[in-house]
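K.L.:
For reference, the structure I am asking about is given below.
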Amino acid sequence: MKDIKKKTFEVIENFSYKNAVELQKNLRKVLLKTEPIKFKSFPQLVAGCDVTFLNPYKTPTTAIASVVILNTQTLKSELITVEETEVNIPYIPTLLAFRELPVLIKVIEKTTEKLSHPIELLIVDGHGISHPRRLGIATHLGMVTGIPTIGCAKKILCGKHFKLGNKRGSISMLIHETEVIGAAVRTRTNTKPIFVSSGFKVKLPFAIKVTLKLAKYRLPEPTRLAHNSLVKYRRRLINEQSALF
């Protein structure tokens, strides 16, 4: 994983579209040889992460990331960590990982320092293999950190699915170029579905199971709470900047 992290940061520091796509293709080959993990029981603690930007349409800008550690029995957060860093890579569809990875790695490392054990499972607000090159942010982050990950996105990046039932628990496979890359999952009756995919070392059926078990609302609690913490943090940063002028 250290070699993957090193190569990733080399691309980030000397960013080009060509180099980024080439790395994604190479990592996909590594991923295909990686065996999924077999969880003996449902994890007691599951982490969730999300990223936002102070100004998403500006480059450079400040990236802000949050990690929440959730108790899966109580669905209550046990730890919330927020970190920020400057990013110089613009938003480019399918290459979002290169913009978000530095701040995500930073906040994960800070979170791990506070824990007495490694993160067992991480839900990422974004795509895993439901990506044109099968290497979305959830997959890339898992490969860099070694943490098993699940991708949980609000919108489709690629692929199509059949009609989905309106009741909670309805599932329809997401297919791209004849390959199942994820699933549209209705986590709440009469609410828009979310799109779940394998990230790193996690099979799709287990990813769906985890998502449904941890979803009180549309989003699973780990990423929903991470998102909420970012909203508050970003608002405070904006207010602090406004007070300077």
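The values are calculated or read from the model by the stated rules, or taken from the named source; none is laboratory data. What you see is a predicted model; the values in this text were computed from it and never measured. Cβ sites come from the backbone with ideal geometry, for glycine too, and all protein chains shown count toward neighbours.
K.L.:
If Ala226 satisfies all but one of (1) farther than 20 Å from Pro43 by Cβ; (2) in a helix (DSSP H, G or I), what's the number of the condition it fails?
P.N.:
It fails just one condition, (1).
K.L.:
Let me ask another. Return the pairs, sorted by first residue and then second, in which the second residue is buried (at least 16 other Cβ atoms within 10 Å of the Cβ) and of a type in the set (Phe, Trp, Tyr), the first residue lies in region 149-160 and is in contact (Cβ under 8 Å) with a residue 12 or more places away in the chain and more than 20 Å from Leu122 (Cβ to Cβ), the beta carbons are less than 6 Å apart, and the residues are 6+ apart or on different chains.
P.N.:
Pairs found: Ile156/Phe195.
K.L.:
Just one of Val68, Val82, Val144 is of a type in the set (A, V, I, L, M), in contact with a helix residue (DSSP H, G or I) (Cβ under 8 Å, 6 or more places away or on another chain) and outside any strand (DSSP E or B); which is it?
P.N.:
That would be Val144, the only listed residue that is of a type in the set (A, V, I, L, M), in contact with a helix residue (DSSP H, G or I) (Cβ under 8 Å, 6 or more places away or on another chain) and outside any strand (DSSP E or B).
K.L.:
Related question: Considering each of Gln24, Gln73, Gln44 in turn, give the residue that is in contact (Cβ under 8 Å) with a residue 24 or more places away in the chain and under 17 Å from the mean Cα position of the chain (by Cα).
P.N.:
The unique qualifying residue is Gln24.
K.L.:
So, of the residues in region 199-222 that are aliphatic (A, V, I, L, M) and either modelled with pLDDT under 95 or in contact with a Ser or Thr (Cβ under 7 Å, 6 or more places away or on another chain) (or both), which turns out to be nearest to Val46 (Cα to Cα)?
P.N.:
Leu214
K.L.:
Then there is this: On the basis of being modelled with pLDDT of 95 or more and part of a loop (DSSP other than H, G, I, E, B), does Val196 make the cut?
P.N.:
Against the criterion (modelled with pLDDT of 95 or more and part of a loop (DSSP other than H, G, I, E, B)), Val196 does not qualify.
K.L.:
Are any of the residues in region 170-179 surrounded by 21 or more Cβ atoms within 10 Å (Cβ to Cβ), at pLDDT 95 or above and of a type in the set (Asp, Glu)?
P.N.:
no
K.L.:
How many residues does region 10-49 hold that are surrounded by 14 or more Cβ atoms within 10 Å (Cβ to Cβ) and either in contact with a His (Cβ under 6 Å, 6 or more places away or on another chain) or part of a helix (DSSP H, G or I) (or both)?
P.N.:
Number of matching residues: 10.
K.L.:
Another question about this same structure. Could you please give the count of residues in region 154-193 that are touching a Leu at 6+ places or on another chain (Cβ under 6 Å) and in a strand (DSSP E or B)?
P.N.:
Residues meeting the conditions: 5.
K.L.:
I would also like to ask the following. For region 202-232, give me each residue that is touching a helix residue (DSSP H, G or I) at 6+ places or on another chain (Cβ under 7 Å) and either surrounded by fewer than 21 Cβ atoms within 10 Å (Cβ to Cβ) or among the polar types (S, T, N, Q) (or both).
P.N.:
Tyr217
K.L.:
Which numbered condition in (1) in a strand (DSSP E or B); (2) polar (S, T, N, Q); (3) farther than 25 Å from Ser197 by Cβ is the only one that Gln73 fails?
P.N.:
Of (1) in a strand (DSSP E or B); (2) polar (S, T, N, Q); (3) farther than 25 Å from Ser197 by Cβ, only one is false for Gln73: (1).
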